[in-house]
Amino acid sequence: MEEGPYKYIRDGNGKVSRVIRVGTRKSQLARIQTDSVAETLKELYPDIHLEIVAMSTTGDKILDTALSKIGEKSLFTKELENALERNEVDLVVHSLKDLPTTLPPGFTIGAVLKRENPHDAVVLHPSHAGKTLDTLPENSVIGTSSLRRAAQLKKRFPHLDFKDIRGNLNTRLKKLDEKNDFAAIILAAAGLRRMGWESRISQILEPEDCMYAVGQGALAVEVRARDADILEMVSILHDPDTVLRCIAERAFLRRLEGGCSVPVAVHTQVKDSQLYLTGAVYSLDGSNSLKETMQVSIAVGTQSSEKVDEQVQRVGVTANKIPGSVQDEAEKLGVDLADLLLSKGAKEILTVARQLNDVR
């Protein structure tokens, strides 16, 4: 039964329940991620009916161009957001790193789930088993679709050659295994782990080798900001530490005006009620870079019972179960760190990187 924008079903006993439609990309990884969120919601709310709606996005369709060259900010999210806007789905599950730091009006991130390992991983061609990036032969070709990874790794491993590789996880692994074009490829550890392919990880890159992308390893649930009931329902999925880390990271990126087309990297940690944020910007070849670390206290003091304004978004995130003052501290940390880098010349580095990328 349809009633207005919502869909309901009646069970054998005549009981009517609302159907919650969950939008996702069609890739296997996106489906695994969405199914895990749907299963968690089902456990928490046994009475709801969930329906998964899978669709292809621009990023899934354009496979012969480097992501950084397509020049579209919401490559993997636009079609899903259109469906959300037309009430065809009620919530959408994304990899947080695919979501721009400014969402279209009327949308918000209603949940950021506990982060999987956010680091990058090296997957070697079978013929190089047992090696690391350090021990691969001179001029070995490493595949990565990310300017951020290439910029950091070129500087750290000058003996290697970096080339673009596109496609979903399955496609990239297939290209690695079945041809001899690449000695290794760099992928997010989180995706490999969620796919059950942890055994393919030859090396996890530590922050000193390669810092990760903003939001990497975290899943986000995007909803219509006006749907108070859906927002309330998914807010239970928020992981407070992950939320604060990602608010800081997203605020940092937004302030720098970074996106897919510039090399910006972060590393965050919550330890002893302190939130640490390390952020960096790089030239395309990694020869020029700026990197700084700042921290802020996120101790929840006597104000923990404060009322959080549910209408307030911080870099696209609505977290109504976490004290607003602590979220503000996390957001300010990101902005302050970006301002520090900008004062040292980050804008020039990023402008040159953007221009060079445009002519590549």
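The values are calculated or read from the model by the stated rules, or taken from the named source; none is laboratory data. None of the values given here were measured: they were computed from a predicted structure. For neighbour counting, all protein chains shown are included, and Cβ atoms are generated from backbone atoms with ideal geometry for every residue, glycine included. These area figures cover heavy atoms from the full protein model, side chains too; ligands, DNA and RNA do not enter into them. Shrake-Rupley method; radii C 1.70, N 1.55, O 1.52, S 1.80 Å.
Out of the residues in the range 204-230 that are in contact with an Asp or Glu (Cβ under 9 Å, 6 or more places away or on another chain) and part of a strand (DSSP E or B), state the one that is surrounded by the fewest Cβ atoms within 10 Å (Cβ to Cβ).
Out of the qualifying residues, it is ILE204.
For the range 131-156, give me the residue count where each residue is within 14 Å of GLN203 (Cβ to Cβ) and either free of Cβ contacts under 8 Å to residues at least 40 places away in the same chain or of a type in the set (A, V, I, L, M) (or both).
Count: 6.
Is it fair to say ALA184 is touching a Pro at 6+ places or on another chain (Cβ under 9 Å) and either open to solvent by less than 60 Å² (accessible area, probe 1.4 Å) or touching a residue at least 12 places away in the same chain (Cβ under 8 Å) (or both)?
no
Here are some residues: VAL308, VAL352. Which one is in a loop (DSSP other than H, G, I, E, B) and modelled with pLDDT under 95?
Just a single option satisfies the conditions, and that option is VAL308.
Give the residue, chosen from SER343, SER325, that is touching a residue at least 12 places away in the same chain (Cβ under 8 Å), of a type in the set (Ser, Thr, Tyr) and open to solvent by 20 Å² or more (accessible area, probe 1.4 Å).
Within the list SER343, SER325, the selection yields SER325.
Regarding PHE182, is this residue of a type in the set (Phe, Trp, Tyr), assigned by the TED database to the domain that holds ARG250 and in contact with a strand residue (DSSP E or B) (Cβ under 9 Å, 6 or more places away or on another chain)?
In short, no.
Taking the criterion of being farther than 25 Å from VAL123 by Cβ, open to solvent by 20 Å² or more (accessible area, probe 1.4 Å) and assigned by the TED database to the domain that holds ALA111, would at least one residue in the range 241-250 satisfy it?
Yes, because at least one residue in the range 241-250 is farther than 25 Å from VAL123 by Cβ, open to solvent by 20 Å² or more (accessible area, probe 1.4 Å) and assigned by the TED database to the domain that holds ALA111.
Take the residues in the range 111-164 that are of a type in the set (A, V, I, L, M, F, W, C) and part of a loop (DSSP other than H, G, I, E, B), then tell me which one is surrounded by the fewest Cβ atoms within 10 Å (Cβ to Cβ).
Only one residue fits best here, namely ALA129.
Give me the pairs, please: first residue somewhere in the range 1-27 and under 30 Å from SER95 (Cα atoms) and in the same structural domain as THR77 (by the TED database), second residue anywhere and at pLDDT below 70 and β-branched (Val, Ile, Thr), beta-carbon distance under 8 Å, and either six or more positions apart or on two chains.
Filtered contacts from the range 1-27: ARG25/THR57.
Name every residue in the range 265-284 that is modelled with pLDDT of 95 or more, among the hydrophobic types (A, V, I, L, M, F, W, C) and either within 18 Å of LYS155 (Cα to Cα) or not assigned by the TED database to the domain that holds THR77 (or both), in order of residue number.
Across the range 265-284, the qualifying residues are ALA265, VAL266, ALA280, VAL281.
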